[in-house]
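In what follows, a single structure is set out as structure tokens and then discussed.
The values are calculated or read from the model by the stated rules, or taken from the named source; none is laboratory data. Note that the coordinates shown come from a computational prediction; the quantities given were computed from them, not determined experimentally. Here Cβ is always computed from backbone atoms with ideal geometry, including for glycine, and neighbour counts include all displayed protein chains. Ligands, DNA and RNA are excluded from the accessible area calculation, which covers all protein heavy atoms including side chains. Shrake-Rupley method; radii C 1.70, N 1.55, O 1.52, S 1.80 Å.
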Amino acid sequence: MTRLAIRHGSINLAQGYPDFPAPTAIKQAAADAIAADINQYAITWGAKPFRNAIAAKYARTYGMDFDPEREITVCCGATEGMIASLLAVLDPGDEVVLFEPFYENYGPDTQLCGAESRYVKLHAPDWTFDRDELRRAFTPKTKAIILNSPNNPTGKVFTRSELEYVASLCQEFDALAITDEIYEHILYDGAVHVPIMSLPGMRERSILVNSMSKTYSVTGWRVGWVLAPPDLTDSIRKVHDFLTVGAAAPLQAAGAMALGLSSEYYTGLVHEYTNRRDHIVDTLQSAGLRCFVPSGAYYVMAEIPGRGFDNDLYFVRYLIEDIGVACVPGSSFYSPSSGGGSRQVRFCFCKKYETLEAARSQLLKLKDR
Ligand SMILES: Cc1ncc(COP(=O)(O)O)c(C=O)c1O
């Protein structure tokens, strides 16, 4: 979609990366680290100051203690964190439960491990799931459930009660919860993020994946981390070492600084993203598109208009070529066999206000067609 957007000169609300600058202090910390010659390999599972900063952040934010020596692995973004974790714990023939729609990587990640995905639907408008359907997806072959909250693409933030139910199934079926918490700080209207790992009985059976990409608007840095009990960390570190050796050393130094930022940084982040969310929701509704207001992350799912468009792919092409705005077809967040998402599209709003304003002028043209 990004390539199509460039070809047609349309505004890119497809791929989830900010078009505004990263925070100056974090960029300066990276430049300082390079100037101070932190330019060689860091230890494969992560530079000690960065692992210490990660441990301090979880103690401060969630009251969770992690041993930087045995429970933290720094990796190249959440992308590597997820595949390294899955390769470490899955065997061919294992089953993995996924909520659908899902962030595109999880399906191929599971396939690369030779495991099978079992899908459970999240239902619009509030993206709830049927507890019986979830229970039926767990079998004796289930090795793990992948859980992404706040969720891409839906903006759902799983409630404590939902997480408790997922946790009870993990315990009943002796399965792991592998969580992608990359949007943990991007929350709206008082929504609260609860790491499932913090629930009773889950510390030993959870793997928590996170990254600097979204919280600090540095998607190109490729710095993330995985938190897991020592035995799982041991396996994850081995896979990680052979996959990538390590994440960029000077950017880990900057990461140590970023994770120590004061609470005002996070309040400001939520404030700005709330304004952006309200802006795009108003635009989409004014353009005549029904959309599902997100409680977290920086995406909004919308329904394609009933008239004139066979499916999401036709609609997205029309938007890019005739209206001048790119978004992502909903079907890319569903398993091909499900046929889901064919009436949905996803817009991202991690963009400058001027980009959102320009997109608004274009999208309002939809009203006249
Ligand atoms: C849910 C989710 N997980 C992971 C990623 C990628 O994370 P990273 O840049 O840390 O590899 C994204 C990027 O859009 C995402 O939305």
Please verify whether the stretch 150-157 includes one or more residues that are under 18 Å from the mean Cα position of the chain (by Cα), of a type in the set (Val, Ile, Thr) and in a loop (DSSP other than H, G, I, E, B). yes
Does the stretch 14-23 include one or more residues that are under 24 Å from the mean Cα position of the chain (by Cα), open to solvent by 60 Å² or more (accessible area, probe 1.4 Å), farther than 30 Å from Pro200 by Cβ and hydroxyl-bearing (Ser, Thr, Tyr)? yes
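Filter the stretch 219-233 down to the residues that are open to solvent by 10 Å² or more (accessible area, probe 1.4 Å) and not acidic (Asp, Glu), then identify the one that is farthest from the ligand (Cβ to nearest atom).
Top of the filtered list is Pro230.
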So is Arg203 more than 24 Å from Ala36 (Cα to Cα), open to solvent by 10 Å² or more (accessible area, probe 1.4 Å) and either among the basic types (Lys, Arg) or within 15 Å of the ligand (Cβ to nearest atom) (or both) or not? yes
Anything in the stretch 177-198 that is open to solvent by less than 10 Å² (accessible area, probe 1.4 Å), hydrophobic (A, V, I, L, M, F, W, C) and either free of Cβ contacts under 8 Å to residues at least 60 places away in the same chain or within 16 Å of the ligand (Cβ to nearest atom) (or both)? List them, or say none. Ala177, Ile178, Ile186, Ile196
Whichever residue in the stretch 234-253 is part of a loop (DSSP other than H, G, I, E, B) and within 16 Å of the ligand (Cβ to nearest atom) and, among such residues, is least open to solvent (accessible area, probe 1.4 Å): Ala247
Return the residue satisfying two criteria in turn: it lies in the stretch 256-300 and is in a loop (DSSP other than H, G, I, E, B) and open to solvent by less than 20 Å² (accessible area, probe 1.4 Å), and of such residues it is nearest to Thr355 (Cα to Cα). Tyr298
